[in-house]
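The values are calculated or read from the model by the stated rules, or taken from the named source; none is laboratory data. Source: prediction; values computed, not measured. Cβ sites come from the backbone with ideal geometry, for glycine too, and all protein chains shown count toward neighbours. Heads up: the accessible areas ignore ligands, DNA and RNA and are worked out on the full protein's heavy atoms, side chains in. Shrake-Rupley method; radii C 1.70, N 1.55, O 1.52, S 1.80 Å.
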Amino acid sequence: MSDTKGTDVPVESKDNQDKGNQDEKRVGVFVCECGVNIGGVVDTHAVADYIATLPGVKATSVNKFTCSDSGQADIQQKIKEHNLNRVVVAACSPKTHEPTFRACIEQMGLNQYFLEFVNIRDHCSWIHMWEKDKATEKSKDLVRMGVERSKLLEPLEASEVPVTDTALVVGGGVAGMQASLDLADMGFKVYLVEKEPSIGGRMARFDKVFPTNDCSICILGPKMVEVVRNKNIMIMSYSEVKEVDGYVGNFNVKIEHKPRYLDTSKCTGCAKCSEVCPVEVPYDFNEGFGTRKAIYVPFPQAVPLRAVLDKENCINCKACARACESKAIDYDMQTTYTDLNAGIIIGAVGFKTYDPEPGHDFGYGLYDNVITAMEFERLLNAAGPTGGHVIRPSDCREPIRVGFVNCVGSRDKNTNIYCSGVCCMYTIKNAQLLKEKRPETDHTIMYIDIRTPFRSYEESYNRARNLGVKFLRGRPVEVKENPENKNIMVRVEDTLANEIRNLEFDLLVLSTGVVPHDGIHKLQQLLKLSKAADGFLMEAHPKLRPVDTTIDGVYLAGVASGPKDIPYAVSQGSACAGRATILLKNRKAITEGITAVVDPDVCAGCGVCVPMCPFQAIKMDEEAGKANVVKALCKGCGTCVTACPTGALEQSHFKNDQVLAQVKNVFRFQEAAV
Amino acid sequence: MQKGEMFLGWSTKEDIRKRGGSGGLVTSVLAAALDKKLVDSVVVLKKINDFEAVPVITSDVNEVLNSAGSLHSVPSNFAKLIANKNLKVALPAKGCDVRGIIEQGKRNTIKLDNTFIIGLNCGGSMHPTVTREMLEVMYKIRPEDVHGEEIEKGKLIFETKDGKEHAITIDELEEKGYGRRESCRYCTIKIPNNADLACGNWGVTGELAGKATFVEVNSEKGAELLQNAVDAGYVQIQKPDEKGIAARARIKGAMEGLSRKWKEKVFIPMDNRLEYFRKELENCIDCGACKTVCPTCSCGDVSKCTEFHYRGDAYKMSMYHLVRFLHLADSCIGCGQCTDVCPVDIPLTRLYRRFANPVQEELKYEPGMDLRRPPYFEVKLND
Amino acid sequence: MSAEAWEPKIVAFCCNWCSYGGADSAGMGRFQQPPSTRIIRVMCSGRIDPLHVFNAFLEGADAVLVTGCHIGDCHYVNGNDKTKIKYKFLESVVRELGIEKERLQLNWISASEGEKFASFIRDVTEQIKKLGPSPLKPEGVS
Ligand SMILES: Cc1cc2nc3c(=O)[nH]c(=O)nc-3n(C[C@H](O)[C@H](O)[C@H](O)COP(=O)(O)OP(=O)(O)OC[C@H]3O[C@@H](n4cnc5c(N)ncnc54)[C@H](O)[C@@H]3O)c2cc1C
Ligand SMILES: Cc1cc2nc3c(=O)[nH]c(=O)nc-3n(C[C@H](O)[C@H](O)[C@H](O)COP(=O)(O)OP(=O)(O)OC[C@H]3O[C@@H](n4cnc5c(N)ncnc54)[C@H](O)[C@@H]3O)c2cc1C
Ligand code: SF4
Ligand code: SF4
Ligand code: FES
């Protein structure tokens, strides 16, 4: 059979690396005693003597501590003396000491990948303490495996890719805003893309925010203004990311701008247009309570403070055009696109709340007086549809007896098994707020557990108790409407008192959980991210890299990567900015030197490898019918290499022949055994 | 006309209808596809003698028309013939041809959208060398004297130049070690519903028996093919009667049952398997013919099975075959090609199926029957 | 050589991030193991090519171990999901070939599971000692 296998990666070599790439392999082997750690068990000199008999081994040494200065000096000295081009160190674990010796041989002009590290301590002397002879024999095997592999090693370069020092932030909620501000303050240009007409996200809709119940818009508003004022931030509201191409340092992004049907450079946000507009439609910002006009300013603190015309509901009467003093209205406006280049991307697209309507959870959608917490938030809000009066939908009366059901769409195997993290706290907040406004009201929170983990949370819970908010542990088993007065009748087991209770409420509020929305799905597809089991986006490591993703240069902040409250979301915004700055400031990213490489002469174009790569590093060149590895994306795991049936794909530093050299040298013919 | 419909059809040209395996429909559909530029080329068999032939790719309508008739001693597989050629092609195909073509399609060497597959029902084919020997030993006729062959009512009939017919039952032939190739005996794809059309003589009853082809439309492409031939005046079709449809289904069921029995007979559980495989592979000369001919493999000359096989190192077992056993465990279609070509007569298909049967059964994967990705190339299997 | 004294040769493929670390931890914890095993490091268990496993058997391995991170912990997202598939095929081929199932084993071992690594090696060595040398082992090889 053919043995015409093409060789890959003759990496551009510096002069001094040619030395290492010469045909004759001159190997030096350095056996470490690691004090008595190795030397106390393995007969290191016997190992060195045996290894010296192998072809290609030009020098051997035994050192007390090879990693010490004198040990390293010995290596360097022998490289010079014997003109070595491969170095095998038999010592401890490469996981701790490989970098040391790579640097050591690199100083001598050898490519750092010409080092082979053999572990005869952790994997030998330490685990065969009472079998010294066998440990010595095993060490000989291990070192021989290393020597034979070393002869096949090839020079590699970790490559650098340039990084454009601009950032793209997707999602203008509190997390995205924080990330944008931090990056802008550090001097980087930021594009902040928000799909709604105004930034602000969910927080802009709340009246007050837990745990301290300060006015939400009073703290968010100034931040929004800061964003719009910052010269380094370019807000692209009413816009969405359509395409992303490229990789870390150099993402090419296409943004779609939906037409507002008015010239934002002329509009002053005075809202004269909406005053004259004759069309009224339910307003989703208010969760459907109250109405807005077909042309409207999203909310008084909106950023940018510009109107937007909703073409779907516009009847083309042109009243607004006549009313607008700055002649901003333009009915013929088209969708436009911007192409931009960003070095890094931060995803902060947030969430939506669980929708109890399709399943009629707890009578929602059947009975007028069952509402969601988000609706309750809008009713509480002084700038909301009722001017801050909580009313019940059936008769617009202000309710006295209010029930809250926690964990709706959370911690439930029929909907979502995870805990939404914020519902206990916002329910406590909402009950308090209404109780403070109208002390005559009576509140009962029906819960499974109350979770109050962070600073001032437990205090907030205590405050609610002191205010007289009742806590009942139990989940309603039946919710019915009294057809006469539309009151809500709830049957619930009080699991602490161990009794069934029948309660009557004027209003029942469902604490609906936090769920992933379409924006998350879109971002996942655009950036090739992974989703966790809960449907939110997945971080690179749940503990140690909580805002990174598996895609270099892409970070996640806020609820997009799972339920969290505002302080947590804001911290992540800052964390993303910090992580991103490493790249933006250095203006370069280092990519893995060990990568997969395709030999185009051998590649059959079967495409098997493409879906193997979790980093989307393999692209099919349709024209040539060959696979192609984008080095900047490849992380060098080698799983594609295993799948490739032709062997066209190889992983540098772990090429099949290199691995097989080790395999073959595990064994010895008995004659040769000492 | 649409997917799922069945027809009886025949060539409007009388001599083709006569020469055709049943109604000459397949030949006419192929010719019409070429004539009306539905495709640029067609694969047909070019005869060497009256029972042997080689496949050719042609754009000549007359060559297509000449090819009418079934040849049971031509077991070649057409998949690799059309691979890597980027053809817009129509071709007749036995079940195993279809499966090979689909597997090649998954590996990007054939564009399935541009490939019109006319499936032939197939009860099995015979190896030409075995046929020659059989003619001499069983039929006592010289292969050169054969003028035509036919299968009727379980009998394999050869006609000699002197006009005489010689018939022996297939059962008897197989008992004596002749007849169908071993892989055909246990093949269960009797009606190729994975092709665009499935054509055969099963289900043609009464007056039309022997004079029409039963055709089932399996895809939109199939409908397009057949409609084109009707519109171009090449074929005539009519609806089959219920009796015919039922008969076809019944025969299919019976044939599949027989195949399953054969499978049990061939693959009896074995102890000491390692010895068995070692023995069977002992004579392998590493010629690579089995890989070259394999219709599901899309590798070029260089591949993992060949590159890391060193004769000197394959002390107790062939690395080449080990890698192929694994790589084909999900994708082997059991077409028998490897056994056919092996110069040292290793029963390769039987060996390969030993590995493929359990994997394909466990993963419920039937290669070449649909576009499902081979499990070996999945990222994750849902268990 | 008496059966008692015979030391099998076992080739263990480990991924850099988890099971190799597990072997390191076994060393650090001084968890004693029979000197049967030779570890070959790859970056991810997904890189363990069935080819390498076959080669180990043909060269004389009495057992081959495929190890990596626990499912969900792979450093490269899902490399070990792919390992699982490759292993399923390997397992089936080895079984059909007539090689005892103990000679090929899969285990997920994290970098902290030193004790687990050590007891795995002890167990496998024990099983292989009972089975004796692999039927694929070439004559004269140790
Ligand atoms: C009823 C309720 C009450 C709450 N009360 C409190 C509280 O009192 N205190 C507290 O700390 N936390 C509270 N929370 C939690 C709080 O809402 C979140 O922690 C916070 O909003 C998270 O901010 P974010 O930026 O991650 O997401 P969001 O606020 O959801 O912002 C995401 C932004 O991204 C935009 N976007 C979405 N998709 C795209 C896309 N494809 N392209 C561009 N932009 C997109 C959205 O329009 C939105 O502006 C409450 C939650 C709920 C449900
Ligand atoms: C080996 C074999 C076994 C068969 N067994 C059955 C059966 O058990 N039951 C059943 O109902 N039908 C079977 N058929 C199908 C049947 O013989 C007819 O081919 C079918 O009915 C179509 O008839 P037709 O007259 O329309 O085809 P025709 O017009 O005769 O066209 C036949 C086409 O098939 C091609 N062809 C001939 N031999 C082969 C071959 N060996 N491999 C690939 N292509 C070939 C020719 O080149 C031609 O293009 C078998 C066919 C073959 C080749
Ligand atoms: S080695 Fe891993 S990261 Fe690199 S291309 Fe292959 S699968 Fe992707
Ligand atoms: S798997 Fe191998 S042969 Fe197939 S496309 Fe990828 S590199 Fe080419
Ligand atoms: S890195 Fe350990 S299995 Fe992938």
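The single condition among (1) in a helix (DSSP H, G or I); (2) open to solvent by 20 Å² or more (accessible area, probe 1.4 Å); (3) over 20 Å from A:Asn381 (Cα atoms) that A:Pro222 does not meet is (3).
Taken together, the criteria place A:Lys437 among residues that are open to solvent by 30 Å² or more (accessible area, probe 1.4 Å) and within 20 Å of A:Asp214 (Cβ to Cβ). Counting only residues that are surrounded by 24 or more Cβ atoms within 10 Å (Cβ to Cβ) and under 12 Å from B:Asp35 (Cβ atoms), the stretch B:210-234 holds 2 of them. Selection of the stretch A:158-195 for residues being open to solvent by 10 Å² or more (accessible area, probe 1.4 Å), among the β-branched types (Val, Ile, Thr) and part of a strand (DSSP E or B) yields A:Val161, A:Thr166, A:Val170. Where strands (runs of 3 or more DSSP E) fall entirely within the stretch B:121-183, those with at least 1 residues that are open to solvent by less than 20 Å² (accessible area, probe 1.4 Å) and within 20 Å of B:Asp50 (Cα to Cα) are at B:146-152, B:155-160. Specify the residue that is farthest from ligand 3 (Cβ to nearest atom); the eligible residues are those in the stretch A:601-645 that are in contact with a Gly (Cβ under 7 Å, 6 or more places away or on another chain) and within 11 Å of chain C (Cβ to nearest Cβ). Only one residue fits best here, namely A:Thr642.
Residue-wise test of (1) farther than 19 Å from B:Ala31 by Cβ; (2) modelled with pLDDT under 95.
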position: B:Glu216; (1), (2): yes, no
position: B:Gly233; (1), (2): no, no
position: B:Gln236; (1), (2): no, no
position: B:Ile245; (1), (2): yes, no
position: B:Lys261; (1), (2): yes, no
position: B:Val266; (1), (2): yes, no
position: B:Asp271; (1), (2): yes, yes
position: B:Glu282; (1), (2): yes, yes
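Scanning the stretch A:588-600 for residues that are within 14 Å of chain B (Cβ to nearest Cβ) and either crowded, with 21+ Cβ neighbours inside 10 Å or basic (Lys, Arg) (or both) yields a single hit, A:Val598. Of the candidates A:Val29, A:Val47, the single residue that is at pLDDT 95 or above, assigned to a strand (DSSP E or B) and either surrounded by 17 or more Cβ atoms within 10 Å (Cβ to Cβ) or touching a Gly at 6+ places or on another chain (Cβ under 8 Å) (or both) is A:Val29. Checked against (1) in contact with a strand residue (DSSP E or B) (Cβ under 9 Å, 6 or more places away or on another chain); (2) more than 14 Å from chain C (Cβ to nearest Cβ), A:Lys585 passes all but a single condition, namely (1). All told, A:Ala661 falls short of being under 35 Å from the mean Cα position of the chain (by Cα), of a type in the set (Gly, Ala, Ser) and more than 9 Å from every other protein chain (Cβ to nearest Cβ). Close Cβ contacts (under 8 Å, 6 or more residues apart or on different chains) running from residues in the stretch C:17-46 that are closer than 18 Å to A:Met129 by Cβ to residues that are of a type in the set (A, V, I, L, M, F, W, C) and open to solvent by 30 Å² or more (accessible area, probe 1.4 Å) comprise C:Asp24/C:Ala111; C:Ser25/C:Ala111; C:Arg30/A:Met129; C:Gln32/A:Met129; C:Gln32/A:Trp130.
Report yes if A:Ala648 is more than 9 Å from ligand 3 (Cβ to nearest atom), closer than 21 Å to A:Gly607 by Cβ and free of Cβ contacts under 8 Å to residues at least 60 places away in the same chain, otherwise no. It is true that A:Ala648 is more than 9 Å from ligand 3 (Cβ to nearest atom), closer than 21 Å to A:Gly607 by Cβ and free of Cβ contacts under 8 Å to residues at least 60 places away in the same chain. Within the stretch A:548-582, being assigned to a loop (DSSP other than H, G, I, E, B) and open to solvent by 10 Å² or more (accessible area, probe 1.4 Å) holds for A:Thr550, A:Ile551, A:Asp552, A:Pro563, A:Lys564, A:Asp565.
Here A:Pro55, A:Pro10 are screened, and the one residue that is at pLDDT 95 or above, more than 14 Å from chain B (Cβ to nearest Cβ) and open to solvent by 20 Å² or more (accessible area, probe 1.4 Å) is A:Pro55.
One residue alone among B:Ala329, B:Ala314 is among the aliphatic types (A, V, I, L, M), part of a loop (DSSP other than H, G, I, E, B) and crowded, with 22+ Cβ neighbours inside 10 Å, and that residue is B:Ala329. When restricted to residues that are facing another protein chain (nearest Cβ under 9 Å) and either free of Cβ contacts under 8 Å to residues at least 40 places away in the same chain or within 25 Å of A:Cys613 (Cα to Cα) (or both), the stretch B:347-382 contains 14. The condition of being more than 19 Å from A:Gly573 (Cα to Cα) and away from ligand 4 (no atom under 16 Å from the Cβ) holds for only one of A:Glu160, A:Glu226, that being A:Glu160.
Of all residues in the stretch A:555-576, none are over 30 Å from A:Phe454 (Cα atoms) and either away from ligand 5 (no atom under 16 Å from the Cβ) or of a type in the set (S, T, N, Q) (or both). Residues that are away from chain C (no Cβ under 11 Å), open to solvent by 20 Å² or more (accessible area, probe 1.4 Å) and either within 15 Å of ligand 4 (Cβ to nearest atom) or closer than 30 Å to A:Lys223 by Cα (or both) are absent from the stretch A:648-657. Filtering the stretch A:393-419 to residues that are farther than 15 Å from A:Lys470 by Cβ and among the charged types (D, E, K, R) leaves A:Asp395, A:Arg397, A:Glu398, A:Arg411, A:Asp412, A:Lys413. Among the residues making up the stretch C:121-142, a single one is outside any loop (DSSP other than H, G, I, E, B), within 14 Å of chain B (Cβ to nearest Cβ) and open to solvent by 30 Å² or more (accessible area, probe 1.4 Å): C:Leu131. In the stretch B:292-309 there is no residue matching the filter, namely being under 24 Å from C:Lys88 (Cβ atoms), within 10 Å of chain C (Cβ to nearest Cβ) and touching a residue at least 24 places away in the same chain (Cβ under 8 Å). Note on the stretch A:81-126: among residues that are within 14 Å of chain C (Cβ to nearest Cβ) and of a type in the set (Ser, Thr, Tyr), the one that is nearest to C:Phe31 (Cα to Cα) is A:Ser125. Checking each residue in the stretch A:319-365 for being among the small types (Gly, Ala, Ser) and within 25 Å of A:Val169 (Cβ to Cβ) picks out A:Ala342, A:Gly343, A:Gly347, A:Ala348, A:Gly350. Remark: pairs (first residue in the stretch A:527-554, within 12 Å of chain C (Cβ to nearest Cβ) and small (Gly, Ala, Ser); second residue open to solvent by 30 Å² or more (accessible area, probe 1.4 Å) and not in a loop (DSSP other than H, G, I, E, B); Cβ separation under 6 Å; 6+ apart in sequence or on different chains) are absent. Of the strands (runs of 3 or more DSSP E) lying entirely inside the stretch C:26-120, the ones with 1 or more residues being within 11 Å of chain A (Cβ to nearest Cβ), open to solvent by 10 Å² or more (accessible area, probe 1.4 Å) and more than 16 Å from ligand 3 (Cβ to nearest atom) are found at C:37-42.
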